[in-house]
Amino acid sequence: MQTIKYTKDTPTRINVFLRDQGLGSRRNIDDYITKDFVTINGKKATLGSKVQKGDIVVVNFPHKDLTYALYNKPRGEITGTHSNLLGCEPVGRLDKESEGLILYTNDYRIVDALLNPKHGREKEYEVTVKEKATPRVITLLKKGIHTQEAKYSPVKSVSIYNEGYSLRIILTEGKKHEIRRMLNALNLTVASLKRVRIMSFVIHGLKSGETHKLSTTQVSTLLKDCGIK
């Protein structure tokens, strides 16, 4: 059993609040609510219930061990659940033709902490392109790109090497197909795209298709990087 006091000024849906506390996905929590495992101020929560400042939430559902792992996704594979990491979900996805680091966990506090662009968490990518990139590409990416699909924020960092056919890009946003669409708007075709770093965790030493469960020390680093106590 766990008792949590809601302290924010803005009301929040109960499944979102408990997800951000690391107690499960919204779907899992909705299931727990229907099984009467959650109360708000002593009354059974219902689907769609909201918590307000000062509310006392009590949760009484099964304890789970938290898992954190890195996976080096191969090119051609669709991001999804992983047989070696049952019960865990990917935090952020890579499209089928991209490869590289994905963080898997069942600690749902990580989702907002890592993916919400307001937190500025870094993800680093190595990209090769079919056309030669010029210094103007750096200028435009640092200003932000508008396409038919979306408005993309300025990249945190970008450098060009390999005679203009390779780029190293650091993002803090991470919208769907963001790098591909930004570069396409600059008349550059992506030949390969690889995520090589998530915050302080790098891909070095992790072979394609391999998973690595984080050690206790690494978990502490991850939670600290995410601002989670």
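The values are calculated or read from the model by the stated rules, or taken from the named source; none is laboratory data. Owing to the predicted nature of the structure, the values given are computational and were not obtained by experimental measurement. Here the Cβ is made from the backbone with ideal geometry for all residues, glycine too, and neighbour counts use every protein chain on show. Surface accessibility is based on the protein's heavy atoms, side chains included, excluding ligands, DNA and RNA. Shrake-Rupley method; radii C 1.70, N 1.55, O 1.52, S 1.80 Å.
Observations on the structure shown:
- Here the extension length gained between Val58 and Asn187 equals 41.0 nm, from 0.36 nm per residue of separation less the Cα-Cα distance.
- Taking every DSSP helix (H) stretch of at least 4 residues in the chain, weighting each as -39,500 (n - 2.57) and dividing the sum by the residue count yields a mean residue ellipticity at 222 nm of -6000 deg cm²/dmol.
- Rule-of-thumb Rg ratio for the chain [Cα; 2.2 N^0.38 Å; N residues]: 1.16
- For the peptides 18-25, 74-81, the ranking by packing is 18-25, 74-81, with the highest mean count of neighbouring Cβ atoms within 10 Å listed first.
- For segment 72-118, the Cα-based Rg and Dmax, in that order, read 11.0, 32 Å.
- Bridge orientation summary for the chain: considering DSSP beta bridges with both residues in this region, about 95 percent are antiparallel.
- Taking a straight Cα-Cα cut-off under 19 Å and skipping sequence neighbours fewer than 8 places away in the same chain, the aspartates and glutamates within cross-link reach of Lys213 are Asp65, Glu89, Glu99, Asp107, Asp225.
- P(r) for segment 77-151, from all Cα pairs and a bin width of 10 Å, is 14, 35, 35, 14, 2 %, short bins first.
- Tyr165-Leu47 pseudo-label distance in nm [points 7 Å out on the Cα-to-Cβ vector]: 5.4 nm
- In the context of the full set of protein chains, residues of segment 67-225 present 51 Å² of accessible surface per residue (probe radius 1.4 Å, heavy atoms only).
- Highest to lowest packing among 148-158, 98-108, 193-203, scored as the average C-beta count within 10 Å: 98-108, 193-203, 148-158
- The Cα-based radius of gyration of segment 1-130, divided by its Kirkwood radius, gives an Rg/Rh of 1.06.
- Amide H contacts of Lys50 (H built 1.01 Å from N, in plane; Pro and chain starts excluded): Ile14 sit under 5 Å, all sequence-distant by 5 or more or on other chains.
- Accessible carbon and sulfur surface of segment 166-225 relative to its total accessible area, %, 1.4 Å: 49 percent
- When segment 1-42 is reduced to its Cα atoms, the Kirkwood hydrodynamic radius in Å: 10.8 Å
- Inter-label distance for Thr12 and Lys151, nm, one decimal - labels placed 7 Å from Cα along Cα-to-Cβ: 2.6 nm
- Computed extension gain for Gln218 through Thr79, at 0.36 nm per residue and net of the alpha carbon distance, reaches 47.7 nm.
- Helix 216-225 axis, angle to the chain major axis (alpha carbon atoms, nearest 10°): 80 degrees
- For the peptides 168-181, 58-71, the ranking by mean Cβ contacts within 10 Å, running from highest to lowest, is 168-181, 58-71.
- Partner lysines for Lys43 [C-alpha distance under 17 Å; skip if fewer than 8 residues away on the same chain]: Lys5, Lys35, Lys53
- Per the Kirkwood formula applied to alpha carbons, segment 168-229 shows a radius of gyration over Rh ratio, Rg over Rh, of 1.06.
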